[in-house]
Amino acid sequence: MMTQRSYHNLGFTLVELILVIVLLGILSAVAAPRFFQRSSFDARVLFDDTLNALRYTQKIAVATGCQTQFVVTDNSYSLLKEQNCGDSDFSEDSDEPNKNKIANPVSGAAAYQGEQANISLSASRQNTTFTALGHTVESTDNVITIGHRTITIIAATGFSYDSTP
């Protein structure tokens, strides 16, 4: 049989309950804004997609033996291939507008391009051209800035990486 004293020792004290509520309040005050601030998630999505697109552009150049180009314009990017392998012509054909655009391997869209509203996307050089060996035609590295993050493309190797300090 339980005594009166042991019965009162079951459960939590008022101080313990208040302490847990205060800790949960502090945790939610710190964590909640990160979940409701969509722009940081949008910037990260664009950053990851841009890095993947760069690496895909390089792989297409190596796989096909034709030059490919990663183009940054007006807060967006697009992936292009030569009109005819070996001609270094990346201009759009008026008869076949998607002829020189690299298709998106995931969605199947005729043109692999990306942008995100309210997220800044810029590059130190507008075009990066990859050769069949995977390196770039340009002699200097290209730095792409997305929000507060950066991607560097090493010219000598074509390697693209997250260079955010």
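Values quoted throughout were computed directly from the atomic coordinates according to the rules given, and no laboratory measurement underlies them. Just so it is clear, the structure is predicted and the values come from calculations on it, not from any experiment. FYI the Cβ positions are ideal-geometry reconstructions off the backbone, even for glycines, and counts take in every protein chain you see.
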More than 20 Å apart - percent of Cα-Cα pairs taken over region 41-127: 33
Stokes-Einstein translational diffusion, the chain - Kirkwood Rh over all Cα pairs, 0.692 mPa s, 37 °C, in µm²/s: 173
Alpha-carbon centroids, region 54-88 and region 23-49: separation in whole Å: 34
Tilt relative to the chain, helix 38-64 - C-alpha long axis, 0 to 90 degrees, to 10: 40
Ascending count of other beta-carbon atoms within 10 Å, so fewest first, for Lys101, Lys59: Lys59, Lys101
For the chain, built as a Gaussian network whose Cα springs stay under 10 Å, the top-fluctuating residue of Val30, Val72, Val15: Val15
Simple spin-label estimate for Thr152 and Glu92 in nanometres, 7 Å along Cα-Cβ: 3.4
Cα long-axis angle, helix 14-36 against the chain (0 to 90 degrees, to the nearest 10): 10
Mean Cα-pair separation over length for the chain, i.e. relative contact order, pairs under 8 Å, 6 or more apart, %: 19
